[in-house]
1. Can you list the residues, at least 5 places off or on another chain, whose amide H is less than 5 Å from the amide H of Leu14, using H built in the peptide plane?
2. Summing Lys, Arg as +1 and Asp, Glu as -1, what charge do residues with Cβ under 12 Å from the Cβ of Cys53 carry, Cys53 excluded?
3. Classify the chain as rounded, prolate or oblate from the Cα gyration tensor: take a ≥ b ≥ c as the square roots of its eigenvalues, call it rounded if a/c is under 1.5, otherwise prolate when a/b beats b/c and oblate if not.
4. In whole Hz, with x marking every Gly and Pro, tabulate ³J(HN,Hα) for the range 39-47 from phi via Karplus 6.51 cos²θ - 1.76 cosθ + 1.60, θ = phi - 60°.
5. Let me know the charge dipole size of the chain about its Cα centre in debye, to the nearest 20, where only the beta-carbon of Lys, Arg (+1) and Asp, Glu (-1) is charged.
6. Once phi is turned into θ = phi - 60°, what whole-Hz ³J(HN,Hα) does the Karplus curve with 6.51, -1.76 and 1.60 give for every residue of the range 19-25, x standing for Gly and Pro?
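Quick note: the coordinates plus some simple rules give every number you see, no bench work behind them. Every value quoted in this text rests on a predicted model; they were computed, and no experiment measured them. Don't worry about glycine lacking a Cβ; one is built from the backbone with ideal geometry, like all the others, and counts go over all protein chains shown.
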Amino acid sequence: MEEMIGLIDEAGGLVDREQYKQALYDREREGSTGIGFGIAIPHGKSDAVKHPCLAFGMKHGG
């Protein structure tokens, strides 16, 4: 998630990177965002986001 957070931040999508990161990890603690087959869709709501945006990533090592 750190790499995808970085992509969104570098693209100008965040007001506060750490606040956004906390929102993602808080949401993940509520329940896994994994949907199976090694795929997850981490997400959260936060005032740290300037506008809705996405980042895609693939981690070959798992």
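1. Lys50
2. -1
3. oblate
4. Working through the residues one at a time gives 10, 9, 10, x, 7, x, 10, 6, 6 Hz.
5. 160
6. So the Karplus estimates, Gly and Pro as x, are 5, 5, 4, 4, 4, 5, 5 Hz.
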